[in-house]
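To start, the structure under review is shown below, and the notes come after it.
The values are calculated or read from the model by the stated rules, or taken from the named source; none is laboratory data. What you are looking at is a predicted structure, and each value in this text was computed from that prediction instead of being measured. Note that each Cβ is placed from the backbone with ideal geometry, even for glycine, and that neighbours are counted across all protein chains shown. Ligands, DNA and RNA are excluded from the accessible area calculation, which covers all protein heavy atoms including side chains. Shrake-Rupley method; radii C 1.70, N 1.55, O 1.52, S 1.80 Å.
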Amino acid sequence: MSDLFVELTAPNGRKYSQPRGLFINNEFVKSKSGETITTINPTDESEITSVYAAGPEDVDIAVAAARKAFKDPSWRDMDTTARGELLYRFAEIIEQNKEVLATIETWDNGKPYSVALNEDLAEVTGTIKYYAGWSNKVHGQVIDTSPAKLAYTIREPLGVCAQIIPWNFPLAMAAWKLGPALATGNTVVMKAAEQTPLSLLYLGTLVKEAGFPPGVINFLNGEGRKAGAALAQHLDVDKIAFTGSTATGKEIMKMAAVNMKNITLETGGKSPLIIFEDADIEQAVKWAHIGIMYNQGQVCTATSRILVEEGVYEKFIELFKSHVAETSIVGDPFKDDTFQGPQVTKTQFERVLSYIEAGKSEGAKLIAGGEAFKNVGGKGFFIAPTIFTDVKDSMKIYREEVFGPFVVISSFKTEEEAIERANDSTYGLGAAVFTQNISKGHRLARLIEAGMVWINSSNDSDIRVPFGGVKQSGIGRELGEAGLESYTNKKAVHVNLGTKL
Ligand code: NAI
Ligand code: MG
């Protein structure tokens, strides 16, 4: 048994018991093959621990557990108010454990502890509470047709939902997917990203404590190409929800075709942030910074392409550069004044460095960063906040998602040009517009091809508001009432009340 838990002391001195197993049927178990994956602390490159990794056989077991739970009256027929209370209790238990969860998140992912605690964990509990509230408010309709007929709809759960989450916001992405799935009566097999396997396992201990019936929530670790693909291809999985890269999203879509699974995909982006001459420049500078540098730049909605109207181009660059230098403090994520920790893994670190090389060789002008940041004990995957200006639309760094503290800036002459260039992307996740002209702001909000538009802000996300993309940024919506649509069918019932036939 002891093999399934390990006593750890985190870099901030917190001691806790880390589960290492697969969480199936409310128990931690070893993988059938005994295979494990090892996770690294990106701050100093040391090994934290290893955890069991699921293979196809383990996926089968977890899916069977979720199927059994889905059919079990204790979950299927649970009063919807009671289900809401259960979810609410889960949120409260998470809140009581937020320090340990935030500690694990920072240790494994590298995000600043203050952010993990005050933002990620607040997002987690907020989301679960929000959907707890929806549990007893999701219902069908009566559709009036004629006195001879009663037609009505039932909002029913989809069944067993596989959910594959990324490493940039492990717990928050788990909450975005668990909340609506559970509120509507589905059961879940969730797979964490192999780069950040630890926090979800700890959450498993709280699932059990909250009192969910066994099999309703199952957590797996394992490689995407093994455990993830086994879930996407599984014939007894009804839905797959995924957040990650566009390339993997396309693979999942193909695999999901095997039994025509319902799919929700949140994928990549290269979101524009457009600044007009009539904007409040100080505001634009602050939001542009948050919009790209938050979470080490590892945000799908990051506004990574800044387009500035000619007349304020030089001024914006000067102010932005000094704001980044002042506020993007790179350092140990457990230190209070750190804004930017390390990139999540060596692979991501090298990927960002390769884009820096591409920018240099393509002839963009590097005005800040452009190298690894070495002043944090000489180790770790730190990147100096990087700004390229005079970037051309044809350049790789302008077109591709970098996913790091890395931004490209370019100038434009007219509103038409700004719209055309904003839309000249295979992605369509977010877009920000800075202007004091309300007509212009709303006009652009309609004309820009994106799932979300921010007028005079960037990356403003709210649990109550739909989140998702168009084009190759995804399919479907999470959060808000829209998030429930992704987890329910509308079943139609026709009742014949007449006698004519
Ligand atoms: P990825 O999309 O490959 O991984 C995300 C999740 O998908 C992980 O849980 C992974 O195990 C799983 N996965 C991978 N291959 C799979 C497969 N064949 N079948 C089923 N599941 C699979 O992303 P990766 O490689 O970690 O990062 C590469 C790039 O993706 C990043 O640089 C970034 O551009 C983008 N990305 C976007 C995210 C977002 O929030 N939209 C989050 C993470 C990465
Ligand atoms: Mg790690």
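Structure values in brief
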| quantity | calculated |
| --- | --- |
| Residue among I455, I409, I448 that alone is touching a His at 6+ places or on another chain (Cβ under 9 Å) and either open to solvent by 40 Å² or more (accessible area, probe 1.4 Å) or at pLDDT 95 or above (or both) | I455 |
| Check on S33, over 16 Å from Y113 (Cβ atoms) and open to solvent by 50 Å² or more (accessible area, probe 1.4 Å) | yes |
| Any chance A102 is in contact (Cβ under 8 Å) with a residue 60 or more places away in the chain, open to solvent by less than 10 Å² (accessible area, probe 1.4 Å) and among the aliphatic types (A, V, I, L, M) | no |
| Test: residue in the range 282-293 that is closer than 24 Å to T196 by Cα and surrounded by fewer than 22 Cβ atoms within 10 Å (Cβ to Cβ) | yes |
| Matching residues, the range 177-208, being open to solvent by 10 Å² or more (accessible area, probe 1.4 Å) and either small (G, A, S) or closer than 20 Å to T103 by Cα (or both) | E194, Q195, Y202, T205 |
| The listed residue being surrounded by fewer than 22 Cβ atoms within 10 Å (Cβ to Cβ), within 16 Å of ligand 2 (Cβ to nearest atom), assigned by TED's automatic domain parsing to the domain that holds A284 and in a loop (DSSP other than H, G, I, E, B), out of F381, F334 | F334 |
| Restricting the range 212-226 to residues that are more than 16 Å from ligand 2 (Cβ to nearest atom) and within 20 Å of L171 (Cβ to Cβ), the residue that is farthest from the chain's Cα centre (by Cα) | F212 |
| The listed residue being among the small types (G, A, S), within 16 Å of ligand 1 (Cβ to nearest atom) and either within 30 Å of F339 (Cβ to Cβ) or buried (at least 18 other Cβ atoms within 10 Å of the Cβ) (or both), out of A116, A53 | A53 |
| Single condition Q348 does not satisfy, out of (1) closer than 18 Å to V433 by Cα; (2) within 16 Å of ligand 2 (Cβ to nearest atom) | (1) |
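Rundown of residues vs (1) farther than 29 Å from E223 by Cα; (2) away from ligand 2 (no atom under 16 Å from the Cβ); (3) within 24 Å of the chain's Cα centre (by Cα), yes/no style:
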position: A62; (1), (2), (3): no, yes, yes
position: R67; (1), (2), (3): no, yes, no
position: G84; (1), (2), (3): yes, yes, yes
position: E99; (1), (2), (3): no, yes, yes
position: W107; (1), (2), (3): no, no, yes
position: A132; (1), (2), (3): yes, yes, yes
position: H139; (1), (2), (3): yes, yes, no
